[in-house]
Amino acid sequence: MELEIDKLSLMIEGKKIIEKIKAQVFKGEFIGLIGPNGSGKSTLLKTIYRVLKPQAGLIKLDQQKLQDLSFQASAKKMAVVRQLNNFNFDFTVEEIVMMGRSPHKGMLEVESEQDYKIIYNALAKVNLVDYAARSFATLSGGEKQRVLIARALAQETELLILDEPTNHLDIRYKLQILDLIKSLKKEVLAAIHDLNLAVSYCDRIYVMKAGKIFAEGKPKTIITEDLLREVYQVEAKIIEDPETKKINIIYRSQVKNDN
Ligand SMILES: Nc1ncnc2c1ncn2[C@@H]1O[C@H](COP(=O)(O)OP(=O)(O)OP(=O)(O)O)[C@@H](O)[C@H]1O
């Protein structure tokens, strides 16, 4: 699956929120979208997963224009894990994950044995099989997030669109979920706030600033002390992990502290 975004622009109430965005996800790539609060990451992702309609530009999935696909057809190609907001419906975990199967089924088609196999496989991947009968509303933020990841996996799409997929997870699950997603070898476009996680998992990164793509490239070449200063207004030192050869960002506090 390839995702291509070209000259994508969206205005809300006369304000340019994203402007002339050009980006691609090529076969097998894990792509990160980073940028400060309000830079337009979620808006770009919402436009891709069809919650918002762009005023200009194109989105293509495997050369097909997104607007020419039915919602069911595009849901077979891309699954979405959004930020957790007010998603507190009174469904069980099993029911929520089963929703991932709906693009593959007709209106009145009942769940098959195969559907159950797929959803329990997805729940196993996020360590939540024992939670299947629990009410979603009673789960912790991190557990909810893992359920929504399982739902996206159950959708069995090639492309995953993730908006802050790990922000509610503790460090063990952050690593476990990103390792899992990476191991699936699917195409991934993920907005990630934690820059150290972004540099360690992404093949390429797009940096957004004020609604535009400010920079693009491999983590090692693109994430520099100058870029962090310019885009985030923070001082940081970038070092290389001697074992993995990956870069690591050490932030410099503005406040003196001897601890
Ligand atoms: N419906 C809306 N009406 C007005 N402004 C909006 C609307 N949706 C988004 N915006 C504005 O568009 C800008 C981009 O928002 P967006 O949520 O895409 O940023 P983001 O990069 O995902 O931010 P964050 O890192 O804080 O999640 C923000 O200034 C936001 O206030």
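Every number in this text was worked out from the coordinates using simple rules, so none of it is lab data. Computed from a predicted model, the values in this text were never measured in an experiment. All Cβ positions, even for glycine, are placed from backbone atoms using ideal geometry, and neighbour counts span all protein chains on display.
Distance from the Cα centroid of the range 27-89 to that of the range 114-151 is 23 Å (rounded to whole angstrom).
All other residues whose Cβ lies under 13 angstrom from that of I59 are scored, Lys and Arg at +1 and Asp and Glu at -1, for a net of +3. The mean sequence separation of alpha-carbon pairs under 8 Å and at least six residues apart, normalised by the residue count of the chain, gives a relative contact order of 25 percent.
When the convex hull of its Cα atoms is viewed from all sides, the range 81-205 shows a mean projected area of 7.7 nm². Once both axes come from the Cα atoms, what is the angle between helix 141-154 and the longest principal axis of the chain, in degrees from 0 to 90, rounded to 10? Between helix and principal axis, roughly 60 degrees. Ordering 226-234, 138-146 by mean Cβ neighbour count within 10 Å, with the highest value first, yields 138-146, 226-234. The charge dipole of the chain, taken about its Cα centre with unit charges on the Cβ atoms of Lys, Arg (+1), Asp and Glu (-1) only, comes to about 640 debye.
Between 0 and 90 degrees, the angle of helix 171-183 with respect to the longest Cα principal axis of the chain falls at about 70 degrees.
For the chain, the mean residue ellipticity at 222 nm estimated from helices alone is -8500 deg cm²/dmol, where every DSSP H run of n ≥ 4 contributes -39500 (n - 2.57) and the total is divided by all residues, rounded to the nearest 500. With 30 Å as the limit on Cα-Cα distance, the pairs of K76/K245; K60/K185; K16/K65; K16/K185; K174/K218 that go past it are K76/K245; K16/K185. Across the chain the C-alpha pair distances fall into 10 Å bins from zero in the proportions 7, 28, 34, 22, 7, 1, 0 percent.
With a cut-off of at most 16 other beta carbons within 10 Å, and DSSP calling the residue loop, which GluC sites (Glu not before Pro) in the range 51-126 qualify? Please list them.
E109, E111
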